[in-house]
Amino acid sequence: MSQPGQAAMAPPPETAPVLESDGLRLRPWQLDDAAGVLEIADDDVSRRFSPSLRTVFTLVEAEAWIEMRRQRGANWAVVDPATGELLGRVGLHHFDLDDRCAEIGYGLKATARGAGVARRAVQTAVDYGFGELGLARISLEHALDNAASCGVARATGFVPEGVRRSAISRGDGTYDDAHLHARLASDPLVLPTTRPVVAPTEVVAGAYQLCIPNPELDAESVAEACADPMISLYNAGPVTSEDAYAWCRGRADWSDQTHASWLVKDTAGLLLGTVSIFQINDRSLGGQVGYWVAAPARGRGVGTAALTAATRFAFGALGLVRLELYHAIDNEASCRLASAAGFAFEGTHRQSYRYGDGLLRDEHSHARLATD
Amino acid sequence: MTHPAPVTLSDGDLVLSCPTPDLVPEITAACQDRELHRWMEALPDPYTEEDAATFVRGCAENWATGKEYTFAIRAGAGGRLLGVVSIHDLVQLTAPSGGMGEVGFWVAAPERGHGVLPRALRLVCRYGFEELGLARMEWQAEVGNVSSLRAAEKVGFVFEATCRRRLLHVGERVDGWLGGLLPEELR
């Protein structure tokens, strides 16, 4: 949680980063987007409600508009990641570094409206503003008559604060009243209502790779790794190769959508460990994460890389908002790993899990939120 | 695995048993209280007699399947309804947690402030440990629900964690308190 007045915010970046989320890509503007910008501008709704696009009628004017956005950091072209088609724009501007505030603006071309694109693009930019830049407050203004924009604002958790009278020029000497909304970093998280169905997917984890288990290929090395005393105590797993075969098959099958599990391998395909997001709850959008690192692979950052990559997958592709991590309190390596991967300590649960030696142990709970 | 048949628990004053259809009017009346809606995410709002009837039917079904053990708290046998207490979110005895359940409860507005909750909780936790064989009980509440915390602490629950954004409340994600109770700590 950001504490007002405590941490400073990062200045906006010189170049907008590429953000992939929820079926959209937000990327920096390119000069060859000019034709697409003209398409966004050449529309009654854009001319009425987007002052900056009101004067864009030619490719040269569109390029000038793009150049302006390229010079300010946090401005994105919203594109369809499958086709690269330009759908709209979203940007953070009017940064106030002292007060950690900024304002958000957005707009879509006519054919991209009504499909939740603006809502998802705004949510992605907001997550970046609060998460990466450390903003405390993002405001949002739209002409009072613009009901569609108001819907986007409400759906993304921007609370209405009031009306600023005659605040937005219509370009003809008259003015629109502006409906002011704002969202704080400390506001309750907006509750997404659905979660995407996800097929088993390999994930890059720094120098390593999160792979889908293959029973034929991996059972032997999994059983070998699980024979290690640390793993058999803290992560009791399959002992025989038959058990390991079934374990691999279960972890490769994501069809019930309650878990997403991988083996961690190096580039040569050597088994280094495992990581799993499990107990995925569609209602609370929460899950748990578990992992082990094979004895010969310890001390090389395998766990941190794997946990970080799996966490990113959980908050991105899986659409979760809270991940919990439990470890026996005497497992200090796991505690360090949890903290290194951004899982904040939340408490000590006493006698809450029976470990490989048959004893109930106290556990630490750590958790990371999508908004952390 | 067989599940225990509904039982009656009593400390000679309070009588706890599976809610029966005759309690529907009293449950409906109690669940009009806004204070209950403030803290209980799962409570239908507005709350009708039909909701109460559904709740009562669900209690019997959950006893039968061993999913949850819910008790109406009454002032003596056949006495007026004081509240409801349950053991839910049970984890199997064979699971690595060694068997665990979570307590949930509410007390009707006019009955608060008379120590009903600690006495009812004590009976239910003892039932969970001694009859169900649980190794640990958990309590969760939205941050700020001090009366729930006080009741849990009175029977021996130890505060263990503040879990950020773990609970849902009317579509909002809120922070939760979590406590644990081990068999030897029950008092």
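No lab work stands behind these numbers, since they all come straight from the coordinates. This structure is a prediction, so every number in the text was calculated from the model and none was measured. Cβ coordinates were reconstructed from backbone atoms using ideal geometry, including for glycine residues, and neighbour counts include every protein chain displayed.
Observations on the structure shown:
- Per-selection Kirkwood Rh - the stretch A:74-189 (Cα, Å, 1 d.p.): 14.8 Å
- Mean-square fluctuations from a GNM of chain B, with a 10 angstrom spring cutoff on Cα atoms, peak among B:Ala161, B:Ala151, B:Ala120 at B:Ala161.
- Between the beta carbons of B:Thr65 and A:Glu332, assuming R0 = 35 Å, the FRET efficiency works out to 0.25 to the nearest 0.05.
- Structure remark: mean-square fluctuation, Gaussian network model of chain A, C-alpha springs under 10 Å; the largest value among A:His259, A:His94, A:His142 belongs to A:His94.
- Principal axes of the stretch B:61-187: Cα extent on each, largest first, Å: 39, 33, 30
- Alpha-carbon centroids, the stretch A:25-53 and the stretch B:5-71: separation in whole Å: 57 Å
- Taking all pairs of distinct alpha-carbon atoms in the stretch A:290-367, Kirkwood radius in angstrom: 13.3 Å
- Pairwise Cα distances in the protein assembly as shown exceed 39 Å for 41 percent of all pairs.
- Multiplying the residue separation of A:Glu216 and A:Arg165 by 0.36 nm and subtracting their alpha-carbon distance yields 11.5 nm.
- Unit Cα scatterers, Debye sum, the stretch A:4-53: log10 I(q)/I(0) for q = 0.13 Å⁻¹: -0.55
- Cα coordinate range in the stretch B:65-132, projected on the principal axes (Å, largest first): 41, 22, 18
- Normalising the average separation of contacting C-alpha pairs (under 8 angstrom, six or more residues apart) by the number of residues puts the relative contact order of chain A at 11 percent.
- Counts of other chain beta carbons within 10 angstrom of each beta carbon in peptide A:315-325 average 1.
- Computed over the alpha carbons of the stretch A:151-304, Rg followed by Dmax gives 24.2, 80 Å.
- Pairwise label distance in nanometres, A:Thr201 with A:Glu67, each label 7 Å out on the Cα-Cβ vector: 3.8 nm
- Label sites at A:Asp44 and A:Thr267, each approximated as a point 7 angstrom past Cα along Cα to Cβ, lie 5.8 nm apart.
- Using only the C-alpha atoms, the convex hull of the stretch A:252-315 corresponds to 84 Å³ per residue.
- Within the stretch A:5-70, the GluC sites (Glu not before Pro) that combine a DSSP coil assignment with at most 16 other C-beta atoms in a 10 angstrom radius are A:Glu14.
- Choice from A:Gly91, A:Gly237, A:Gly358 showing the highest fluctuation, given a GNM over chain A with Cα pairs closer than 10 Å: A:Gly358
- Of the GluC sites (Glu not before Pro) in the stretch B:1-50, those whose Cβ has at most 14 other Cβ within 10 Å and which sit in DSSP loop: B:Glu41
- Radius of gyration (Cα atoms) of the stretch B:5-69, expressed as a multiple of 2.2 N^0.38 Å: 1.20.
- Checking every one of the trypsin sites (Lys or Arg not before Pro) in the stretch B:7-112 against DSSP loop status and a limit of 15 other Cβ atoms within 10 Å picks out B:Lys67, B:Arg80.
- B:Val158/B:Glu131 FRET efficiency (R0 35 Å; Cβ-Cβ; nearest 0.05): 0.95
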